1. Label-point separation (nm) for Val110 and Thr236, each offset 7 Å from Cα along Cα-to-Cβ?
2. Run the Debye formula on the Cα coordinates of the chain, all scatterers equal and no solvent, and tell me log10 I(q)/I(0) at q = 0.06 1/Å.
3. The stretch 165-188 to the stretch 196-252: how many Å between their Cα centroids?
4. Taking 8 Å as the Cα distance limit and 6 or more residues as the minimum spacing, I'd like the relative contact order of the chain as a percentage.
5. Could you tell me the extents of the stretch 1-98's C-alpha atoms along the three principal axes, largest first, rounded to whole Å?
6. Output the lone cysteines of the chain: those with no second cysteine's C-beta under 4.7 Å from their C-beta.
7. Quote the charge dipole size of the stretch 63-174 about the Cα centre in Debye, to the nearest 20; the model charges only the Cβ of Lys and Arg (+1) and of Asp and Glu (-1).
8. Normalised by the number of residues in the stretch 216-285, what is the relative contact order in percent for Cα pairs under 8 Å and 6+ residues apart?
Amino acid sequence: MARGRIRDEDLEALRDQSDIVDIISDYVQLKKAGRLYKGLCPFHDEKTPSFMVDPSKQLYHCFGCSEGGNIFSFLKKKEGLEFREAAERLAARTGFTLRYEGVSKEASEVEDRRARLYRINQWAADVYSVVLTKDAGKVARDYLTSRDFDDEIIRLFHLGFAPASYDFLYRQAMRKGIGASDFVGVGLGIKGERGIYDRFRGRLIFPIRDLQDRVIAFGGRVIGEGQPKYLNSPETALYVKSKHLYNLNLARREIVSSGYAILVEGYTDVIGLWQAGIRNVAATLGTALSEEHFRLLSRLTERVVFAFDADAAGVSASERGLDFYDQFNLDLRVMVMEKGLDPADFVASQGKDGFLQKVESSLPLIDFCLEQLLREHDAS
């Protein structure tokens, strides 16, 4: 949907209030060098740092490949964005409200609805978070305690609980003045024969955030009996699951600084590894690995280690990486775990060092797939 032109004064104010060192540090490991910051250039291969960032002038320059500019040009080049997209992404990250000139009524309505849906998701995440601390949330707190997840982790990941009530959240939404169409449209409600009811009931809630740290969807793990074990939000105007990875908003800087990403299948795998001190970890969202997933990761690193469960689904997920093997400049590797263990279980029993040793001995994806093939067929 076409929108009007961003006001020049807003672009200037956004650039002035943005911390270029902080933004670029999501992509490059920077070290202070006098009044400047220095790192390896993200735009060409080099072993000796020649990429400089000047915080006083809000500019960067590489003396190796001559790439340079301001924060907008950096995001355009690194993320493959148009100028407007780069400005909007930076504004979303910094909480800056951009104003547009010549916006059509239709475009304005679309943007207003998206903003409204973001607010509804954040409100729901806050409600679920409060419920977790109440009597109704004790069963979920007991589960978290059994997984050794502490209060700091619960706060960081904004975990919550949806009570088993048929329409607990919907009734809250009505009192809040949230429209039924928005409640259903954002994926929180389902329209049934008896009216609208809550999608998530009796579940531990994991808010899913985009790279701008906005809540775009939810995952829910059933507590007690019930199926499916995990339930995710449907795709909505805000959420396309093949374009997002859980925890990438928190992990992106750790991925850059460590030089590789660990990709797991579940929310609790991410949280278990994070609590153990392994922070360069993200998870797929109940979907097969997609081209967009690899594009996201290739912007941050050159190496991805799959740490999927050692079952048929985990093996299949790893082999899915072959579909994109030649499309991206990524060293794809597979961490082989004993059957019956997921990454969270493994790090709980073997500790951070044991897990990182497994990462160190991970197999190249091609070797892993060949081994699987030889197990299934008579090599002779």
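The values are calculated or read from the model by the stated rules, or taken from the named source; none is laboratory data. Not measured: the values here are computed from a predicted model. A quick note on method: Cβ atoms are made from the backbone with ideal geometry, for glycine too, and the neighbour counts reach across all protein chains shown. Each accessible area value is taken on the protein alone, full model and side chains, heavy atoms only, with ligands, DNA and RNA left out. Shrake-Rupley method; radii C 1.70, N 1.55, O 1.52, S 1.80 Å.
1. 1.9 nm
2. The computed values of log10 I(q)/I(0) come out as -0.27.
3. 16 Å
4. 11 percent
5. Sorted largest first, the three principal extents are 43, 25, 19 Å.
6. Cys65, Cys369, each lacking another Cys Cβ under 4.7 Å.
7. Values: 18 positive and 18 negative charges, 27 e Å.
Dipole of the stretch 63-174, to the nearest 20 debye: 140 debye.
8. Relative contact order here is 31 percent.
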